[in-house]
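Below you'll find the structure, written out as structure tokens, and then a few comments.
The values are calculated or read from the model by the stated rules, or taken from the named source; none is laboratory data. It should be emphasised that the depicted structure is a prediction, and the values quoted were computed from it without experimental measurement. The protein model used for the area step is the full one, side chains on, heavy atoms only, and it has no ligands, DNA or RNA in it. Shrake-Rupley method; radii C 1.70, N 1.55, O 1.52, S 1.80 Å.
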Amino acid sequence: SVTLAGCATEKAQAPTAKRKAPAADLHSQQEAEQARLQRWLDEHQPRLQAAVKDSAFEVRREAHVLIVTAPADSTFNPDRPHMLVPASLAPLTRLAKELEKDPEAAVLILGHADSSGNAKHNDELSGQRAQAVASIFRLTGFQRDRLSLKGLGSLMPRAANDSPQGRSLNRRVEIMLTQRSTLLGLLSKYNQPTPSETEMVA
């Protein structure tokens, strides 16, 4: 009787074990993908830092993305605020060429403004600045399906807008680098449509 009961218990547990296996496999797969992404970011971070060396641009790393920040005050013409200044062209070109080498690299370019002035104007200006930076990537051959852009106006400040220093920090363009496989997740964070529907660089 003991032997029969033991067999019955093993048979009853078998389906449960089978049900758990796919979940465990999925978890292991996700961990492996995250590890690959982190190694990929480890590889690219020093290259981006070298590309923008001796410029006003800064490189920082978040969980799944590298972010290059271009301060608007030193990147764009004060008289024509949607136009890049000549000094910004070299670091942007080096950055674009570095990323263009890797077919797995995808870029999301976000324009930001401070909260002063007309909100509609800020939205348009932030989009124009993102477009200006994206045009450098297109000139290097960066493909349409790897490049997205959006102007966010004053929706995502880095600092309070109650001082000149804070407003200066908020006027910026962010170049966000990730793998193509994670681009959709990055786009959704900023409430963008899929790459086929997103405003792309012509």
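If you build the convex hull over the alpha carbons only and average its shadow over all orientations, what do you get for the range 65-196? Give it in nm² to one decimal. Display every interim value, and only then the final one.
Details: hull surface 30.8 nm².
For the range 65-196, the mean projected area of the Cα convex hull comes to 7.7 nm².
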Ignoring everything but the protein chains, give the 1.4 Å probe accessible area of Ser126 in square angstrom, nearest 10. 0 Å²
Distant-in-sequence amide H partners of Glu58 (H built 1.01 Å from N, under 5 Å): Thr69
Using the Karplus curve 6.51 cos²θ - 1.76 cosθ + 1.60 with θ = phi - 60°, what ³J(HN,Hα) values do you get for each residue of the range 69-77, in whole Hz, with x for Gly and Pro? 9, 10, x, 5, 5, 10, 9, 10, 5
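If DNA, RNA and ligands are ignored and the probe is 1.4 Å, what is the ranking of Asp79, Asp73 by accessible area, most exposed first? Mind dumping the intermediate values first?
Numbers: Asp79 135, Asp73 85 Å².
Order by accessible area, largest first: Asp79, Asp73.
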